[in-house]
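Chemist: This is the structure I have questions about; it appears just below.
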Amino acid sequence: MAPPSGPSVPTHRMTIRLLSILALAALPVFAQNGDHAGETQAERVPLHLIPPAPVLSAEEQLKTFRLPPGFAAEIVAAEPLVTTPVSAQFDHLGRLWVVEMNGYMPTPDAAGESQPTGNIVILTDTDGDGRMDRRTVFLSGLVMPRSVMLVGDGALVAEPPRLWFARDKDGDGVCDSRELVVDDYATQDDPKLGEKANPEHASNSPVWALDNWIYSANHTVRLRWNGGTNWLRRPTIFRGQWGLTQDDAGRLYYNSNSDPLRADLVPSEYLDRNPNLREPYGANVQIERDLHVFPIRVNPGVNRGYQPGQLREDGRLATFTGACGPVVYRGDQFAPEYRGDAFFCEPTGNIIRRERVLERDAVLSATNAVPDGEFLASTDERFRPVNLMNGPDGCLYVVDIARGLIQHRIYLTSYLRGQIESRKLQTPVNLGRIYRIVDTRRPRPQPRAVAKPDVTQLVAWLSHPNGWWRDRAQQMLVETRDASLAPRLRELLSPEKNPSELGRLHALWTLEGLGAVDLPTLDRAVQDPSTRVRVGALRMIEPFLQGPSHDQAALILLRRAGFLPGAEQVQLFLTMTALKTTAADTILRVLLMNSPASPLRYDAVASGLGGRELEFLEGLVADPVCGPDKKEHAGLVRRLAECVAVEGKIDRVEHLLHLAGNRRAGDWQQLAMLDGLVSVLPAAPKGRPAPVIKPFRFAAQPVGWAALKLADPLEVRERVGRLEPLVSWEGDGKAAPKPEPVATKLSPDEEASFIRGKDLYAIVCGACHQPHGNGQEGLAPPLRDSEWVLGSEQRLARIALHGLRDAVMVKGRKWELNMPALGEALDDQQIADALTYIRREWGHTAAPVTSATLKAARAATAKREDSWTEAELLRVP
């Protein structure tokens with residue numbers, strides 16, 4: 001389908017535009033921050049194919065939208081009532097709280113970006129016509145504010161590097177007090193970083209999730225409000241780039257520019273339990289892999305539009321490069337088939353995508369709901385949707401920053417700057433629109449504003465068909481901190497009295513938020529007709545497994561053990577591993593072997609077996625339930641054997657070899673155990689630092705190894721051959737392996753540096769690279785046994801100072817990185833402390849790093865502004 005060519009361009013205007021481009025090309029070329037050395041940034045779209053991009057009013061812009069039949073877009077707010085909106089949230093009064101990031105890229109050089117021009121404004125529809133007509137400035141004078149989330153009598157406001165609790169105690173719509181919640185939020189965009197401040201990769205979008213924790217995109221700490229100024233902090237995984245949302249089950253969804261949709265299938269904290277489990281499956285799962293997009297206009301103004309494959313031959317954007325602002329539709333104005341689908345923005349292509357989300361055996365997948373097309377597409381190059389949200393009326397809302405230039409200076413290429421300036425897309429910068437998407441075939445509810453809803457009203461809203469009201473009611477009830485509400489909420493848990501599955505789910509989590517969950521309630525909830533309610537109840541049993549209530553809680557759990565629907569069984573596995581009993585392990589083995597093969601199930605169990613993987617594996621292969629006909633579960637045996645190998649304890653590895661050697665030669669269990677051992681062998685890419693291989697050194701030849709060496713099947717011999725570098729013993733006739741460096745005793749100053757580094761690592765590095773150093777799938781490579789960590793300290797210092805981008809090989813695996821620089825946020829001593837920690841933790845024996853090393857590296861690279869690539873680092877000794 002060819003894109004519309006747009007209005008014809010008069011000859012004199014075409015000539016002027018052509019001359020301006022030629023004049024620009026004749027000027028000296030000043031490299032932009034986003035330029036890569038050696039690139040040729042050639043124009044790929046002929047001028048005559050580029051339609052004009054005039055500044056349109058909101059009413060004119062509506063006419064450029066293409067939506068599915070029956071859908072329409074309506075103006076909710078537009079300039080001058082709102083300017084440069086980037087995020088918004090409705091309150092229960094129907095007012096719209098909007099973040100105005102007025103400082104964002106006022107010029108292509110970002111001149112004035114650090115000025116306090118940002119606002120949080122409240123927009124009100126005073127006459128009920130559906131369009132906002134009154135503006136109240138809740139909080140002004142902010143530098144690059146990013147997000148707002150309503151809490152109590154105010155809101156959390158993100159102003160890097162601070163997260164404020166801004167309150168309106170007298171109810172006039174204006175902030176009258178601010179309390180600092182944290183001072184390490186969105187630190188990547190801290191104004192003190194100057195030209196290195198990076199608003200594209202900084203924390204944003206706090207969301208009060210179903211489990212009563214507040215999660216953010218691009219942030220590795222979750223918060224919980226316990227009233228007043230009491231905020232609980234806990235580490236969590238990194239999630240996406242811009243925007244965060246949840247579905248009806250409380251699963252979190254997010255994305256990044258070129259990675260359109262990811263989700264957590266299970267709560268991520270479970271997958272951090274076992275340091276021996278590498279890259280656990282279940283969180284940060286890519287659920288959409290097709291990157292193709294389908295704009296309806298040519299898109300030459302894309303930052304890397306000069307690169308092959310970024311644009312189609314007709315000039316339209318080919319693949320995602322700016323995916324952001326996801327929302328799972330949970331409203332009731334669209335038809336039921338839309339509920340649970342994910343929508344997100346692609347501002348560089350002037351489109352909004354709808355993804356149909358499917359669940360099969362607890363695993364999510366997503367596909368474009370409009371094959372070879374988009375849910376919303378515009379011919380206006382200045383339509384720049386950056387965020388989406390559900391509304392109290394059940395409709396879908398669009399936040400449009402409405403400008404030509406959206407790429408930040410820190411990544412801007414010369415090619416895009418030329419495009420922007422030649423077509424005068426850099427101005428104006430003070431526009432902004434918010435649109436409502438409505439299904440015109442269905443009624444649009446008009447929620448009645450209730451200034452101070454009472455408890456009866458809030459409890460009723462927990463069962464509302466629109467997820468917006470359920471979320472809001474749960475949060476407002478939890479904020480009361482009133483545990484005396486428990487009887488009314490328990491009554492709501494009765495399926496006979498409350499047929500709303502989601503109402504019962506929210507009532508259960510409201511009880512949890514109030515600290516009013518008890519075992520009798522959970523005993524009833526695990527028998528609820530709803531899988532979602534049962535999953536929540538199984539999760540809430542865990543705290544009762546500690547202390548005097550253990551036996552009663554365990555009994556409830558074991559009574560529920562059985563062949564359950566996928567999501568419930570996965571949660572059962574996550575929870576049951578906490579029992580650590582022979583009976584529980586036996587039940588788990590039987591359930592695993594009689595369930596579909598599933599990496600999610602395997603890692604749900606393995607994540608709770610830290611230090612017990614060998615015992616579980618031994619029981620598994622000895623159990624008749626794990627017989628010759630269960631080959632489809634080889635992945636579980638392989639995973640458990642891999643955990644034993646990663647743990648690296650010689651006596652346990654020897655026992656694993658014994659188990660493998662005792663199997664019938666070539667049977668699936670033996671091959672799976674050998675595959676688990678082989679998996680810890682890193683590849684050795686040519687021309688890159690040698691990966692770290694730690695051989696297993698035994699006192700004598702393991703009996704199991706001797707049996708494996710004699711095995712005849714080719715599949716066994718191939719695996720044993722690959723394991724040869726890992727297995728050695730005294731008197732084996734091989735050249736003695738290079739002795740592992742003995743860690744020199746740290747001096748008192750070095751020990752102090754290590755201790756400080758441990759604390760810094762937890763704050764700065766641990767959420768991405770994880771406390772166990774094994775990294776995080778799709779985000780951060782392992783540091784444990786990494787050749788980059790244990791090799792040249794000069795390379796390591798440069799990575800810490802300036803960051804690392806693009807493809808890099810770590811332990812034989814390719815990672816695509818965009819690691820931020822730490823050189824502005826941390827001083828030389830702090831970086832040295834963190835590097836000393838990672839070079840001496842996890843059994844590492846490398847030399848500590850000194851502040852003098854960092855000082856010298858900083859001086860040697862003082863003029864560097866860009867992050868490093870692997871090729872550049874390999875030239876550093």
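The values are calculated or read from the model by the stated rules, or taken from the named source; none is laboratory data. The shown structure was predicted, so the numbers you read here are calculated from the model rather than taken from an experiment. Positions of Cβ are generated from backbone atoms using ideal geometry, with glycine treated the same way; all protein chains shown enter the neighbour counts. Please note that ligands, DNA and RNA were not included when accessible areas were found on the heavy atoms of the full protein model with its side chains. Shrake-Rupley method; radii C 1.70, N 1.55, O 1.52, S 1.80 Å.
Chemist: Accessible area of D827, 1.4 Å probe, to the nearest 10 Å²?
Modeler: Accessible surface of D827 is approximately 80 Å².
Chemist: Quick one: accessible surface of L779, probe radius 1.4 Å, all protein chains present, in square angstrom to the nearest 10.
Modeler: Around 40 Å² of this residue is reachable by solvent.
Chemist: Please compute the Cα-Cα pair-distance distribution of segment 346-471 with 10 Å bins starting at 0, giving whole percents from short to long.
Modeler: Values per bin, smallest distances first: 10, 27, 29, 21, 10, 2, 0.
Chemist: Please compute the volume of the convex hull spanned by the alpha-carbon atoms of the chain and report it per residue in Å³.
Modeler: Spelled out: Cα convex hull of the chain, divided by residues, is 181 Å³.
Chemist: Let me ask another. Let me see the P(r) profile for segment 528-644: every Cα-Cα distance counted, bins of 10 Å, each bin given as a percent of all pairs.
Modeler: P(r) over segment 528-644, rounded to whole percents: 13, 48, 31, 8, 0.
Chemist: Of the heavy-atom accessible surface of segment 307-435 (probe 1.4 angstrom), what whole percent is carbon and sulfur?
Modeler: Ligands and nucleic acids excluded, carbon and sulfur give 50 percent.
Chemist: Starting from the residue with the highest accessible area, list K196, K630, K452 in decreasing order, probe 1.4 Å.
Modeler: Greatest to least solvent exposure: K452, K196, K630.
Chemist: Express in Å², to the nearest 10, the accessible area of Y281 obtained by rolling a 1.4 Å probe over the protein heavy atoms while all chains stay in place.
Modeler: Using a 1.4 Å probe on the heavy atoms, I get roughly 70 Å².
Chemist: Express the C-alpha Rg of segment 480-542 as a ratio against the empirical globular expectation 2.2 N^0.38 Å, rounded to two decimals.
Modeler: Working it through for segment 480-542, the quotient is 0.98.
Chemist: Continuing with the same structure: Using a Debye calculation, one point per C-alpha and no hydration shell, please list log10 I(q)/I(0) for segment 114-209 at q = 0.17, 0.19, 0.25 Å⁻¹ in order.
Modeler: One equal scatterer on each Cα of segment 114-209 leads to -0.77, -0.92, -1.29.
Chemist: Based on DSSP H runs of at least 4 residues, each adding -39500 (n - 2.57), what is the mean residue ellipticity at 222 nm of the chain after dividing by all its residues, to the nearest 500 deg cm²/dmol?
Modeler: -8500 deg cm²/dmol
Chemist: Give a residue-ordered list of calculated ³J(HN,Hα) values for segment 243-254 (Karplus: 6.51 cos²θ - 1.76 cosθ + 1.60, θ = phi - 60°; whole Hz; x for Gly, Pro).
Modeler: With coefficients 6.51, -1.76 and 1.60, one gets x, 8, 8, 9, 9, 5, 8, x, 6, 8, 10, 6 Hz.
Chemist: Segment 743-792 to segment 237-252: how many Å between their Cα centroids?
Modeler: Computed from Cα coordinates, the inter-centre distance equals 27 Å.
Chemist: Just how far, in whole angstrom, is segment 438-481 from segment 157-230 if you go by their alpha carbon centroids?
Modeler: Segment 157-230 and segment 438-481 have Cα centres separated by 25 Å.
Chemist: Grab the beta carbon distance between E615 and A583, set R0 = 22 Å, and tell me the FRET efficiency rounded to 0.05.
Modeler: 0.95
Chemist: I've got another one for you. Taking square-rooted eigenvalues a ≥ b ≥ c of the alpha carbon gyration tensor, is segment 723-877 rounded, prolate or oblate, where a/c under 1.5 means rounded and, failing that, a/b exceeding b/c means prolate?
Modeler: It comes out prolate by the Cα gyration axes.
Chemist: For segment 144-275, take the alpha-carbon Rg, divide it by the Kirkwood Rh, and send me Rg/Rh.
Modeler: 0.98
Chemist: If Lys and Arg each add +1 and Asp and Glu each add -1, what is the summed charge of the other residues whose beta carbon sits under 11 Å from the beta carbon of R167?
Modeler: Net charge in that neighbourhood comes out at -3.
Chemist: Where does segment 56-107 land on the Kirkwood hydrodynamic radius, alpha-carbon pairs, in angstrom?
Modeler: Result for segment 56-107 stands at 13.2 Å.
Chemist: Which shape class applies to segment 90-164: rounded if a/c is under 1.5, otherwise prolate when a/b exceeds b/c and oblate if not, where a ≥ b ≥ c are the square roots of the Cα gyration tensor eigenvalues?
Modeler: Since a/c reaches 1.5 but b/c is at least a/b, the shape of segment 90-164 is classed as oblate.
Chemist: Turning to a different aspect of this structure: If you add up the charges near Q474, with Lys and Arg at +1 and Asp and Glu at -1, over every other residue whose beta carbon is less than 11 angstrom from its beta carbon, what do you get?
Modeler: Value of the local net charge: -2.
Chemist: Please arrange Y338, Y254 by accessible surface area, largest first, computed with a 1.4 Å probe and ligands excluded.
Modeler: In descending accessible area the options line up as Y338, Y254.
Chemist: Bin width 5 Å, alpha-carbon pairs only: give the P(r) of segment 586-729 as whole percents, running from 0 to the bin holding the largest distance.
Modeler: Result returned by the calculation: 2, 10, 21, 22, 19, 14, 9, 3, 1, 0.
Chemist: In the neighborhood of A699, defined by Cβ-to-Cβ distances under 13 Å, what is the net charge if each Lys or Arg adds +1 and each Asp or Glu adds -1?
Modeler: It works out to a net charge of -3.
Chemist: I've got another one for you. Using every Cα-Cα pair within segment 279-369, state what percent have a distance larger than 15 Å.
Modeler: 64
Chemist: Report the Cα centroid-to-centroid distance between segment 542-585 and segment 33-99 in angstrom, as an integer.
Modeler: 50
Chemist: Something else about it: Of all beta bridges DSSP finds with both residues in the chain, what is the antiparallel percent, to the nearest 5?
Modeler: Given both bridge residues lie in the chain, the antiparallel proportion sits at roughly 95 percent.
Chemist: Each residue of segment 88-93 in turn: what ³J(HN,Hα) in whole Hz from Karplus with 6.51, -1.76, 1.60 and θ = phi - 60°, glycine and Pro shown as x?
Modeler: Each residue of segment 88-93 in turn: 7, 8, 7, 9, 6, 8 Hz.
Chemist: Between R162 and residues 5 or more places away or on another chain, which pairs have amide H atoms under 5 Å apart, with H built 1.01 Å from N, and which residues are they?
Modeler: Amide H to amide H, under 5 Å and 5 or more residues apart or across chains, R162 pairs with Y185.
Chemist: Which lysines have a Cα lying under 27 Å from the Cα of K192, excluding residues fewer than 8 positions away in the same chain?
Modeler: Cross-link targets: K758, K855, K863.
Chemist: Okay, moving on. Per residue, what accessible area does the chain have, given a 1.4 Å probe and all protein chains present, in Å²?
Modeler: 40
Chemist: Any lysines with Cα under 25 Å of the K169 Cα? List them, leaving off those in the same chain fewer than 8 positions away.
Modeler: Output for K169: K452.
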